[in-house]
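S.K.: Can you keep this structure in mind? I'll have questions shortly.
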Amino acid sequence: MSRRALVTGVGGQDGTLLSKLLLERGYAVAGITRRDPAAYAENLGELVDQLEFVEANLLDRDALVDALRATRPEEVYNLAAPSFVPRSWDEPILTAEFAAVGATSMLEAIREVDPSIRFYQASSSEIFGEPRETPQTEETPPSPVTPYGVAKTYAHFIASSYRRRYGMFTCCGILYNHESPLRPVDFLPRKVARAAAAISLGLESELVLGDLSARRDWGYAGDYVRAMWLTLQHDEPGDYVVATGVSHSVEELVACAFDAVSLDWRAHVRSDPSLFRGSAELHDLVGDASKARRVLGWEPELRLDGLMRLMVEADLARLQADAAAS
């Protein structure tokens with residue numbers, strides 16, 4: 001009999017890649033949705049026909065109880081939360097509800113239905129805000145500065161509280177920036193990848209960005225969902241930083257993207273000071289994934305140059321398909 005997993009946020013980047021990984025490992029996978037599954041078809045593609053969908057609101061504990069009883073998972077991966085950090089300032093209440101209260105609702109539902117279910121909470125490097133040390137480890141004190149970071153910090157702590165109070169198998173992955181061709185264009189790496197592809201095809205001529213010296217620890221989402229799965233396969237529950245451990249500037253990321261289409265980025269990219277984030281820009285967020293490497297045997301497999309090439313090639317294919325269809 002196949003193992004069963006329940007995934008929230010199943011239609012997003014991480015939910016899609018995790019569902020694919022679980023299906024490849026022989027799982028029966030169910031996804032919690034708030035909309036018709038057809039709404040997620042662009043990301044999920046052919047996976048739509050391989051998944052079971054359950055309609056439930058993360059804020060409705062009773063609905064989550066029903067979802068758990070219907071799907072009978074051994075593992076629950078809680079990935080649902082607004083993920084575009086700047087927007088959390090526009091929707092702080094919604095962010096708090098889904099990222100913090102939603103995680104608590106799921107934990108309470110698991111506690112009622114079957115406390116032996118293994119629970120994974122997608123935490124975030126945003127819990128560190130302006131970090132007190134670099135690189136950050138699982139022991140670095142949280143110091144969030146955005147509504148998203150604050151809500152994720154609550155979810156991070158409530159998961160460990162349930163582990164301590166009730167002996168539940170709850171785990172958190174402190175995920176640093178991770179990208180793939182499934183990212184919306186709102187996110188910088190996808191914005192850059194799409195622009196490089198469009199400029200190489202003669203569809204656009206210029207990309208305007210903010211501070212090219214801003215830095216991030218960027219990884220490949222496919223590597224990061226593998227860390228999620230490994231976390232719940234370990235004998236003991238725990239929390240893990242999931243990161244590459246390497247900081248790259250926006251300029252380096254841009255160069256990688258334009259190298260993928262054999263263009264000099266300097267001829268096509270302009271930095272506009274009005275787009276600088278000022279005090280909203282976070283610095284020194286670099287993760288130390290030594291624990292994940294040592295305990296889980298996890299290693300990131302795709303570096304920034306390979307990641308950006310993958311994303312640019314995906315956008316080239318999209319743009320060429322759109323042109324052929326028009």
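Only the coordinates and a few stated rules stand behind these numbers; no lab work does. On a predicted model such as this, the values are computed, not experimentally measured, just so you know. Cβ coordinates were reconstructed from backbone atoms using ideal geometry, including for glycine residues, and neighbour counts include every protein chain displayed.
S.K.: Quick one: Cα centre-to-centre distance for the range 250-264 and the range 120-157, in angstrom?
M.R.: 30 Å
S.K.: If you place +1 on the Cβ of every Lys and Arg and -1 on the Cβ of every Asp and Glu, how big does the dipole about the Cα centre of the range 1-59 come out, in debye to the nearest 20?
M.R.: My answer is approximately 260 debye.
S.K.: Using a simple spin-label model with points 7 Å from Cα along the Cα→Cβ vector, what separation in nm is obtained for PHE157 and VAL145?
M.R.: Reported label-point gap for PHE157 and VAL145 is 2.0 nm.
S.K.: Where does the charge balance sit around GLU236 when Lys and Arg score +1, Asp and Glu -1, over other residues with C-beta under 14 Å from its C-beta?
M.R.: Result for the neighbourhood of GLU236: +2.
S.K.: Explain nothing, just the number: dipole magnitude of the chain about its Cα centre with +1 on each Lys and Arg Cβ and -1 on each Asp and Glu Cβ, in debye rounded to the nearest 20.
M.R.: The dipole of the chain has a size of about 540 debye.
S.K.: What ranking do 13-19, 181-187, 211-217 get when scored by the average of other Cβ atoms within 10 Å per residue, highest first?
M.R.: Ranked from most to least packed, the peptides come out as 13-19, 211-217, 181-187.
S.K.: Rounded to whole Å, give me the distance from the Cα center of the range 21-57 to that of the range 294-326.
M.R.: That distance is 22 Å.
S.K.: Run down the lysines and flag those whose C-alpha is under 29 Å from the C-alpha of LYS291, throwing out any fewer than 8 positions away in its chain.
M.R.: Hits, sequence-local ones excluded: LYS20, LYS152.
S.K.: If Lys and Arg each add +1 and Asp and Glu each add -1, what is the summed charge of the other residues whose beta carbon sits under 13 Å from the beta carbon of VAL312?
M.R.: Around VAL312, the surrounding residues sum to +1.
S.K.: With angles folded into 0 to 90 degrees, how steeply does helix 304-325 sit against the dominant principal axis of the chain? Use alpha carbons for both and round to 10.
M.R.: Once rounded, one gets 80 degrees.
S.K.: Turning to a different aspect of this structure: So what's the range 84-170 giving for Rg/Rh, alpha carbon basis, Kirkwood Rh from the mean inverse pair distance?
M.R.: Reported Rg/Rh, Kirkwood definition of Rh: 1.01.
S.K.: Among LEU47, LEU68, LEU232, which one shows the highest mean-square fluctuation when the chain is modelled as a Gaussian network with alpha-carbon springs under 10 Å?
M.R.: Among LEU47, LEU68, LEU232, the largest GNM mean-square fluctuation belongs to LEU47.
S.K.: Quickly estimate the mean residue ellipticity at 222 nm for the chain, helices only: each DSSP H run with n ≥ 4 gives -39500 (n - 2.57), and the total goes over all residues, rounded to 500.
M.R.: -11500 deg cm²/dmol
S.K.: Across 10 Å bins from the origin, how do the percents of Cα pairs in the range 178-326 run, short distances first?
M.R.: 11, 36, 31, 16, 5, 0
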